[in-house]
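Reviewing the structure listed below.
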Amino acid sequence: MRSRESINRRSFLAGTLGALSALAVPGMSFGKSVSPPVTPKIGPRSVEDPSFWEMIRAQFLLTDDRVYFNNGGLGPSPRRVIDRVYQATLELEEISETGHEKLERVREDAARFLGCDPEEIAFTRSTTEGMNYVARGLKLRPGDEVLMSTHEHPGGAMPWVALKSELGIRIRLFEPADTAEQNYDTIARNIGPKTRVVSISHMTCTTGTVFPVAQIAELCHEKGIVFVLDGAHPPGQMPLDLHETGADFYATSGHKWLLGPKGTGLLYVRKEMHEHWRPAFVGAYSADYDLDRLFYKPIRQAKTVEYGTRNIPLLLGLGEAMSFLNEIGLENVRKHNLALCNMLIEGLWDLPEVRILTPTEPASRGSIVTFKPLKFTMQETIDRMAERGFRLRPVGEHGLNAIRVSCHIYNTPEQVEALLLELRKLFAS
Ligand SMILES: Cc1ncc(COP(=O)(O)O)c(C=O)c1O
């Protein structure tokens, strides 16, 4: 799919670990500690200090006998996030209150983190839930067309495919390409007179391909098409400004790269969409309402989907996770992860028994590397590597039969080297 000649290896290496020494983290503090359990305090540090990333890793409960490379599936939470959930649970249980009023502060923090306004943010339980709120809230009609890639995750695609079967909307699929330019051209070519929605992953779950979303948004808006992004992956692994993406809707999970509690998510609804979007589910807090007068007026904010009782400690934990990432610095996170991915790609290039499926173009990739094993099947390779202690993710989608490696802040160069070594040994056997 991609030839190694298409990359300048020297510039590629420029992003490797050496680059980390240029980063600085002023005043980082892990100070939250409750009793029990206790989070160790880490004072101001700089990432030039080789022990910095070890300190980061030490914040996680991950065991050393297992090398976890599946953050794209599920992100572990650092100890202070778990502490925050625990502490908030204790506090709220002592008075038996929901704590709903604490949510607005987290919403403001989330909006700042994601580059949007608080009224554009809703708390959900996952990317999938957010995508359902979008698909069911747009009130499409039979014959309306939704354009998606063949690499969409079920959580991003199924809400639309269900509408095809229930309502008779049409779905058009396109094959992702290797470069931003090709992807833009492909999408432009596939937009037709019936296209009402373009719904794609910001970064695909299969090969980690990043689409040129700002340009695609411009194209969609010129044509009056709604642009929906399944953003399960980018938040937490790179700096992000949702206004700059141009998306009308952006759904993400708290429990992946944001390293938040499981069962948390965020949905962004661009202000201009608030009047046009009618979420399928409503309840207390989602509308101005009076049963006696049968009065019902939905709140024209993203949070209209936050009906009924929520689990506030989990969402406070999500806020804590964003603080943790802010203190490290999203640009530092991006560079750290990219350095590991670059190391991995460099090593995989030298293995004739694999084919790298992730785009080599820097603009089209992030903290995910996917390769196809050629000597053994995907499952054989996954199983043999699991025996050696590596948690990798099979990519069976769309017949790719590949293996996905996700690198996040708790992963180390030694782990990448160990993975390459074990792959070499496996292929030599
Ligand atoms: C691109 C993409 N979209 C959606 C999802 C579903 O996420 P969740 O289970 O948090 O809803 C995933 C999960 O891996 C994903 O990779």
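Here, each number is a calculation from the coordinates, and none is a lab measurement. Nothing here was measured: the structure is a model prediction, and the numbers come from that model. Cβ placement follows ideal geometry from the backbone for every residue including glycine, while neighbour counts extend to all protein chains displayed.
What the table below lists for this structure:
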item: In region 92-324, lysine pairs with alpha-carbon atoms under 24 angstrom apart (chain gap of 8 or more, or interchain); result: 18
item: Neighbour-count order for E97, E422, fewest beta carbons within 10 angstrom listed first; result: E97, E422
item: Dipole in debye (nearest 20) - the chain, about Cα centre, beta carbon charges: Lys, Arg +1; Asp, Glu -1; result: 760 debye
item: Antiparallel DSSP beta bridges within the chain, percent to nearest 5; result: 55 percent
item: Cα gyration tensor shape for the chain, rounded if a/c is under 1.5, else prolate or oblate; result: oblate
item: Tensor-based shape of region 92-324 (alpha-carbon gyration tensor, a/c under 1.5 rounded, otherwise prolate or oblate); result: oblate
item: Proximal lysines to K425, defined as alpha-carbon separation beneath 24 angstrom and excluding residues fewer than eight positions away on the same chain; result: K372, K375
item: Relative contact order (%) - region 209-325, alpha-carbon pairs under 8 angstrom, separation at least six; result: 21 percent
item: Straight-distance crosslink candidates among aspartates and glutamates, where the alpha carbon sits under 14 Å from K335 and sequence neighbours closer than 8 are dropped; result: E48
item: Three-way shape call for region 236-308 based on the alpha-carbon gyration tensor, with the a/c threshold at 1.5; result: oblate
item: Fraction of beta bridges assigned by DSSP in region 92-324 that are antiparallel (%, nearest 5); result: 45 percent
item: Relative contact order of the chain, pairs being alpha-carbon contacts under 8 Å that are 6 or more residues apart, as %; result: 22 percent
item: Inter-probe distance in nm under a simple model that places probes 7 Å from Cα toward Cβ, at H276 and L291; result: 3.5 nm
item: Cut-off under 5 Å, modelled amide H: who pairs with L74 long-range; result: none
item: For I171, I403, I356, order by how many other beta-carbon atoms lie within 10 Å, fewest first; result: I171, I356, I403
item: The chain: DSSP helices with Cα axial extent of at least 24 Å and average Kyte-Doolittle hydropathy no lower than -1.0; result: 79-95, 312-328, 330-349
item: Taking I345, I200 and counting other C-beta atoms within 10 Å, the order from fewest to most; result: I345, I200
item: Relative contact order (%) - region 39-186, alpha-carbon pairs under 8 angstrom, separation at least six; result: 13 percent
item: Inter-label distance, nm, simple model (7 Å from Cα along the C-beta direction), K194/A363; result: 3.3 nm
